[in-house]
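Worksheet: the structure to be examined is printed underneath.
Bear in mind that the values in this text are calculations on the coordinates, not laboratory data. Keep in mind it's a predicted model, so treat the numbers as computed, not measured. Virtual Cβ from ideal backbone geometry, glycine too; neighbours counted across all protein chains shown.
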Amino acid sequence: MTAEQTFRIAAVPADGVGIEVVESGRAVLDALAARSNGRFAFDWTEFPWGSAYYAEHGKMMADDGLEQLKAFDAVYFGAVGWPTVPDHVSLWGLRLRICQNFDQWANVRPVEFLPGVPSSLRTADRDDLDWVVVRENSEGEYAGLGGRNLAARGAGSEVAVQSALFTETGCERIMRFAFDLARTRARKKVSSVTKSNAQQYGMVLWDEVFERVAADYPDVETESVLVDAMAAKFVLRPEDLSVVVASNLHADILSDLGSAITGSLGLAASANLNPERRFPSMFEPVHGSAPDIAGQGLCNPLGAIGSAALMLEHFGLGDEAKTVRRAIEATTGSGIRTRDVGGTSTSAEVTDAVIGHLDN
Ligand code: GGG
């Protein structure tokens, strides 16, 4: 049967547990398509890029890899990083290469409490919190600017400079994205994060743009918080958060903190969006490749499955995204959980349970 709509997805599992969780996410999406009575289908192409590819070819992806990916509606990514390749080489050679070349400037990272998942922050009146970290994903501290005076290497006097790039355009677009997102949520609030007391150029520009953009959204509550205070707030007053917008580095750290305090990094989903849709967007769990548990069937596939739900939303399949999220909640709520969230289930058992709950 030919489907009414077929979405072409490039799967890039890459390294370690990325391989397992991408398999889980694909299984869930294929099960969903099989239940759609021909309304939609997914056409997958898998790319073998990553650290194993590097060992054979001396590069993390094919030279024409970006050209190949352009033909797809989305990229579904696993995780990058393996002990045989320096981390900065693997990250820049694959994940950041895709994000930056496809101008995926908005990284959306929802943080939420899931039923049955133990969290020390859970109390009777704080049981179903959720907030979203919006990460500036194209510049800031990860702009790749700087250098080392390698001539001094080994002499004990080497100097390295790593600059952060903040442009008014980059700041403004991510802030408008955050404000527009806040308008869709029950609590219309944007918290902006900086370290502008100590970093007096880029971060002060960020603060000034935030103030200017906020004036266009009088219906949205705002606050500006220093990153150290925001880290404390994540732990002490998460109920005060709705949308948190931060630079590449700050949001990278805060979103990991958010997922850890709601139970596990393995639960966290993310979308790297090119909002203009000139290039494919990329969907991936927040976690890395976890070499210590890779290949053992122990990793938590829910971050990757949640990322697949974000991809469904991107395809305009909002109801189906809700179905997947409900199935995730039903799974954790019924006690089917991997080790990282206090359970004993394998990755395959969790994946099967999610698929089993798609019909409910
Ligand atoms: N699936 C996400 C992933 O592989 N992350 C590896 C990593 O080190 N990322 C750094 C970053 O998020 O910029």
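With a ≥ b ≥ c taken as the square roots of the eigenvalues of the C-alpha gyration tensor of the range 248-340, please select rounded if a/c is under 1.5 and otherwise prolate if a/b is larger than b/c or oblate if it is not?
oblate
Can you list the HN-Hα couplings for the range 19-33, worked out from phi with the Karplus curve (6.51, -1.76, 1.60; θ = phi - 60°), rounded to whole Hz and with x for Gly and Pro?
Residue by residue, the range 19-33 yields 5, 6, 6, 5, 4, 4, x, 5, 4, 5, 5, 5, 5, 5, 4 Hz.
What number of lysine-lysine pairs in the chain show an alpha-carbon separation below 25 angstrom, given a sequence spacing of 8 or more or placement on distinct chains?
So the count of such lysine pairs works out to 6.
Pop out the Kirkwood hydrodynamic radius of the range 73-222 from its pairwise C-alpha distances, inverse of mean 1/r, in Å to one decimal. List each step's numbers first, then the result.
Working: mean 1/r = 0.0539 Å⁻¹.
Across the range 73-222, the inverse of the average 1/r is 18.6 Å.
Report, in cubic angstrom per residue, the convex hull volume of the C-alpha atoms of the chain.
157
Might you report the magnitude of the Cβ-based charge dipole of the chain about its Cα centre, with Lys and Arg at +1 and Asp and Glu at -1, to the nearest 20 debye?
The calculation lands at about 140 debye.
Among 264, 119, 192, determine the one that fluctuates most according to a GNM of the chain built with springs between C-alpha atoms less than 10 Å apart.
Fluctuation is largest for 119.
Assuming R0 = 25 Å, can you tell me the calculated FRET efficiency for the pair residue 326 and residue 223, based on Cβ-Cβ distance, to the nearest 0.05? Could you put the intermediate results ahead of the total?
Values: r = 32 Å, r/R0 = 1.28.
It comes out at approximately 0.20.
Rounded if a/c is under 1.5, else prolate if a/b beats b/c, else oblate: with a ≥ b ≥ c from the C-alpha gyration tensor eigenvalues square-rooted, which is the range 191-261? Walk me through the numbers on the way to the answer.
Numbers: a/c = 2.11, a/b = 1.25, b/c = 1.68.
The shape class here is oblate.
Lys/Arg Cβ at +1, Asp/Glu Cβ at -1, dipole of the chain taken about the Cα centre: which of 32, 269, 48 is farthest positive-ward?
269
Based on the Cβ-Cβ distance from residue 8 to residue 167, what FRET efficiency comes out when R0 is 35 Å, to the nearest 0.05? All intermediate terms of the calculation are to be shown ahead of the outcome.
Numbers: r = 32 Å, r/R0 = 0.93.
It comes out at approximately 0.60.
Could you state the number of Å between the C-alpha centres of the range 138-214 and the range 274-300?
The two parts, judged by their Cα centres, are 23 Å apart.
Tell me, Kirkwood radius of the range 200-315 from alpha-carbon pair distances, in Å?
Here the Kirkwood hydrodynamic radius works out to 16.5 Å.
Write down, largest first, the equivalent ellipsoid semi-axes of the range 1-157 in whole Å, where each equals the square root of 5 times an eigenvalue of the alpha-carbon gyration tensor.
Square roots of five times the eigenvalues give 33, 26, 16 Å.
Expressed as cubic angstrom per residue, what is the convex hull volume of the alpha carbon set of the range 10-81?
Normalising the Cα hull of the range 10-81 by residue number yields 74 Å³.
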